[in-house]
Amino acid sequence: MDATHLRVGVLGCGNVGGALVRLLVVDRERIAARTGTRLEVGAVAVRSLARDRDVPVPEGRLTTDAAAVVVDPEIDIVVELMGGIEPARTLILAALKAGKPVVTANKELIANCGAELWEAAANAGVDLLFEAAVAGGIPLIRPLRESLAGEHIRRVMGIVNGTTNFILSKMSDGGASYHDALAEAQSLGYAERDPTADVEGFDAAAKAAIIANVAFGARVVAGDVYREGISGITEIDIAVARRLGYVIKLLAIVEQPDSDVGPVGVRVHPTMIPATHPLAAVRDSYNAVFVEGDAVGDLMLHGRGAGGMPTASAVLGDLLDACHNLGIGAAGRSVALREVPLRPIDDVRSAYYLNLVVADRPGVLRAVAEVFANHSVSVRSMEQEGAESEASGADLGARLVFITHRAVERDVQACLSDLHHLDVVREIGSLIRVIGAA
């Protein structure tokens, strides 16, 4: 094999696949001059040959036979950009068995089948690289896996879904309702017609699982991640957060605060963070990941978390790494997983925001305060204002807004349960976890 001239098999030619092919063809000479490796598009597997594509695929290189691409002896390295579990899993396993390095941007696959695939790559002695699977064009996986390999990382938290960040930014900055902000995201192509995967946190949960794999070596799959979405966030929540000095973001939070052998918490949910926190300034469809380590301190990586070209850029970086390692007959640092206890959400300690609509009469505040006290939930601040029906403008009573001190989740949930049964409570609004003090 001539390690200075390698043929790439690309599986999938959608938004990212097409952008990658364009980079490989248009920037071929620049890439070769900088890296010493000439990459040639050997084959591009697609579902249909009839579709018109504005992609400079070399003539005769399109095929519908993806299985033939991965075992073709003329193909040196495989890039999987099809998405989904199958047939991507089977094709990647076949490529690895054939001794071919694989690069993928498939978060769903890595979040659910990563352990199997990394083991197959290790057995074959080749790379399986996936930088683009978590934060698009933002370099995150390589710093976690290599630069910070010896660091005791306490927490990785970040905005890893551009759609939800766009929606929350429109609600915070422009005063839009959730439904209007979602409609705008769909009109701009940031959100799918069915936005469930984004707005209910499934996409971010898959990425959180991968972060847990890489940052903590924890054997976690997407289904292990505690998940809440943003569809319940209201304009009232946004306005109160702003008034109190906070911003609401959907965060993926992966943490091991106690020790390298302690439980790992992996969760995705709306979070109130101080307006002064670096993540609070991340707007629109941008992503950012904040890393907290013992020795390195705080780091933040920020940029385009999605889009064809930014994601293709991350794929290209992995592709060049894999080519280099293939040329020297070695594989890079793999992901070694171990069984680590997972911290259930009930054990998480956090401050909380809660708003209630209650009857506006004497003794109500005392009755509510007793419920908090009975469950050892201490209130840090409280505001009271009139509450009106958004639809009719009718007087509903009084709205009480609480920020608690740090409390255990199970105690807060028990408190909520008792509040539901309190006759003076007419409505329980959002419960949002709070990180940091405004």
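Normalised by the number of residues in the chain, the mean separation of alpha-carbon contacts (under 8 Å, six or more apart) gives a relative contact order of 16 percent. Once the C-beta distance of residue 406 and residue 59 is scaled by a Förster radius of 51 Å, the resulting FRET efficiency is 0.20 to the nearest 0.05. Qualifying GluC sites (Glu not before Pro) in segment 56-86, where qualification requires a DSSP coil assignment and no more than 10 other C-beta atoms within 10 Å, comprise 59, 74.
Solvent-accessible area per residue in the chain equals 43 Å², computed with a 1.4 angstrom probe and all protein chains kept. Listed values for segment 203-216 are Karplus-derived 3J(HN,Hα) couplings in whole Hz (6.51 cos²θ - 1.76 cosθ + 1.60, θ = phi - 60°), namely 4, 5, 5, 4, 5, 4, 4, 5, 4, 4, 4, 7, 6, 10, and x replaces Gly and Pro. Helical runs (DSSP H, four residues minimum) scored at -39500 (n - 2.57) apiece and divided by the length of the chain put the mean residue ellipticity at 222 nm at -10500 deg cm²/dmol. Heavy-atom surface analysis with a 1.4 Å probe gives segment 169-220 a carbon and sulfur content of 46 percent of its accessible area. Shown here for segment 1-47: trypsin sites (Lys or Arg not before Pro) in loop regions (DSSP other than H, G, I, E, B) with at most 12 other Cβ atoms within 10 Å, namely 47. Gain on full extension, evaluated as 0.36 nm per residue between residue 298 and residue 324 minus their Cα-Cα distance, stands at 6.3 nm. Cross-link reach is defined here as a Cα-Cα straight distance under 18 Å, omitting same-chain residues fewer than 8 places apart; for residue 170 the lysines meeting it are 249.
For a straight C-alpha distance cut-off of 19 angstrom, the lysines reachable from residue 107 (same-chain residues fewer than eight places away being disregarded) are 207.
Each Lys or Arg adds one and each Asp or Glu subtracts one; over the other residues with Cβ under 12 Å from the Cβ of residue 435, this totals +4. Over all other residues within a Cβ to Cβ distance under 13 Å of residue 326, the charged ones net out to -3, with Lys and Arg as +1 and Asp and Glu as -1. Model label sites at residue 261 and residue 5, defined 7 Å from Cα along the beta-carbon direction, differ in position by 5.5 nm. The mean sequence distance of close C-alpha pairs (under 8 Å, at least 6 residues apart), as a share of the length of segment 243-319, puts its relative contact order at 21 percent.
Distance between the modelled labels on residue 231 and residue 421, one decimal in nanometres: 2.9 nm (7 Å Cα→Cβ projection). Applying 1/(1 + (r/R0)^6) with r as the Cβ-Cβ distance of residue 74 and residue 333 and R0 = 35 angstrom yields a FRET efficiency of 0.75. Subtracting the Cα-Cα distance of residue 276 and residue 85 from their residue separation scaled by 0.36 nm leaves 64.8 nm. Counted by Cβ distance under 12 Å from residue 267, the other residues give a net charge of -2, where Lys and Arg count +1 and Asp and Glu count -1. Apply the a/c threshold of 1.5 to the C-alpha gyration tensor of segment 44-169 and tell me whether it is rounded, prolate or oblate. The shape class here is oblate. DSSP assigns beta bridges within the chain; of those with both partners inside it, close to 70 percent run antiparallel.
The values are calculated or read from the model by the stated rules, or taken from the named source; none is laboratory data. Since we're looking at a predicted model, the values are computed, not measured. Note that we place each Cβ from the backbone using ideal geometry, even for glycine, and neighbour counts take in every protein chain shown. Heads up: the accessible areas ignore ligands, DNA and RNA and are worked out on the full protein's heavy atoms, side chains in. Shrake-Rupley method; radii C 1.70, N 1.55, O 1.52, S 1.80 Å.
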